[in-house]
């Protein structure tokens, strides 16, 4: 009975230790960063390409969903779009997270117009 308890305790400690190491490795190797953590220019550029796969001059609020929680603070000219410069500045200031928490839209500033044109 005593050996079973010790074996269970050792197994639990090992499992916790190994899962913590695996979590730390997956967090650092994925490149994911939390909101508030400043990123390098290379990381910011990678995220810009992810939210703007069409390489348009700016992206809509919908395209940045999950990456930027406070869109208004990043949208310096208050036009409802983020330019590359605005996105990069927000990213460098720690206002962009490295993973989309709600799933980023792949939309661009012209998506809604393109859909309307197809219907007409």
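Peptides 73-80, 61-68, ordered by how many other C-beta atoms sit within 10 Å of their residues on average, highest first, read 61-68, 73-80.
In this rough spin-label picture, where each label sits 7 Å from Cα along the Cβ direction, the residue 92-residue 42 distance is 1.7 nm.
Every read-out reported here was derived from the displayed coordinates using simple, explicitly stated rules and does not represent laboratory data. Keep in mind that what you see is a predicted model, and the values were worked out from it rather than measured. Positions of Cβ are generated from backbone atoms using ideal geometry, with glycine treated the same way; all protein chains shown enter the neighbour counts.
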